[in-house]
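The values are calculated or read from the model by the stated rules, or taken from the named source; none is laboratory data. As the structure is a prediction and not an experimental result, all values here were calculated from the model. Glycine gets a Cβ as well: all are built from the backbone with ideal geometry, and neighbour counts include every protein chain shown. Accessible surface areas use protein heavy atoms only, side chains included; no ligands, DNA or RNA. Shrake-Rupley method; radii C 1.70, N 1.55, O 1.52, S 1.80 Å.
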Amino acid sequence: MKNQFLLLLFLIFATITFAQNIESSTRKFIDETQFTRINKDWTTIAEFKSGIGETVEFYPIEVINLKTGEKRNALQLDMNIKKPEVFKTAWIGIEEINEFIHFIEDNVIPNLDLRFKDKSSEFIFKANEMTLSYFVYEKNRRLTIKLNNYDDNEFKNYTFWTETQVDKIPRLLEILKIIK
C-alpha cells in the first residue's frame with residue numbers, strides 16, 4: 001500500500017512538473033516589469049504568408065524596464081491564423097537566438113534544395129514558445145511554425161504552414177543575426 005501511495009504521489013508530481021507552461025525569458029521579463037517599453041523596427045521583418053491569408057512575422061525587439069532602465073533584446077513572432085481566427089504573439093529570448101541561428105545555418109539553408117525519391121526528412125527547432133519545422137518530401141518542401149503551449153488558452157495548437165514561402169527562410173536568418 002505504501003509503495004502504491006508513493007507511486008501515485010510520484011505520478012502526480014511528474015504530471016504537474018511536465019504540464020507546466022514554458023515561457024520565454026522575454027515573457028518573464030515583461031510579466032515581472034511594472035512599466036514596460038517595447039521598441040520595434042517595422043522595416044526589419046521576416047514575413048511568411050499562407051495561401052489562405054494567414055501570416056507569421058518575425059522581427060527584433062528591445063524590451064525596456066522603464067523603472068530600472070534594464071534592456072533586453074529578443075525576437076518577437078506575431079501569428080495571425082484563421083482557424084481558430086486569432087492573433088497571437090510569442091517571444092524567443094536572447095539565450096535561444098544563437099541556437100536558432102545555428103539550426104537554420106547548419107540544417108535548413110544547406111537543405112533548401114534537397115530532393116528525395118520515396119523518402120522524406122524533417123528538421124525541427126524547438127524554442128520555449130515556438131517550434132519551427134522544415135519538412136522535405138520528394139520535391140515538396142514545407143515550413144511549419146507552431147506556437148507552443150505557453151499560456152492557459154483552451155486552444156493549445158496554433159499552427160501556421162506554407163509551401164510557397166520556404167525560400168524566405170534566409171530572410172529570417174538575417175533578422176536573427178541582427179539580434180545577437
Exercise for review: Would you mind listing the strands (runs of 3 or more DSSP E) fully within the stretch 106-180 where at least 2 residues are among the small types (Gly, Ala, Ser)?
Suggested key: 120-126
Point to revise | Total residues in the stretch 72-115, condition touching a Phe, Trp or Tyr at 6+ places or on another chain (Cβ under 6 Å), under 23 Å from Glu54 (Cβ atoms) and charged (D, E, K, R) | key: 1
Review point. Which numbered condition trips up Arg142, out of (1) more than 14 Å from the chain's Cα centre (by Cα); (2) within 24 Å of Lys28 (Cβ to Cβ)?
Key: (2)
Check your understanding: Given the residues Ile124, Ile94, which is the only one that is at pLDDT 95 or above, out of contact with any Lys or Arg (no Cβ under 6 Å at 6 or more places or on another chain) and closer than 18 Å to Leu77 by Cα?
Key -> Ile124
Practice item. With the checklist (1) in a helix (DSSP H, G or I); (2) over 13 Å from the mean Cα position of the chain (by Cα); (3) not aromatic (Phe, Trp, Tyr) in hand, flag the one item Ile97 doesn't pass. Key: (2)
Revision key, fill the gap. Of the residues in the stretch 145-165, those that are of a type outside the set (Lys, Arg), surrounded by 16 or more Cβ atoms within 10 Å (Cβ to Cβ) and at pLDDT 85 or above come to Ile145, Leu147, Asn148, Tyr158, Phe160, Trp161, Thr162, Gln165
Exercise for review: Return yes or no: is Asp113 open to solvent by 30 Å² or more (accessible area, probe 1.4 Å), of a type in the set (D, E, K, R) and at positive phi?
Suggested key: no
Exercise for review: Could you pull out every one of the strands (runs of 3 or more DSSP E) wholly within the stretch 20-89 that has 3 or more residues that are in contact with a Pro (Cβ under 9 Å, 6 or more places away or on another chain) and open to solvent by less than 30 Å² (accessible area, probe 1.4 Å)?
Suggested key: 71-81
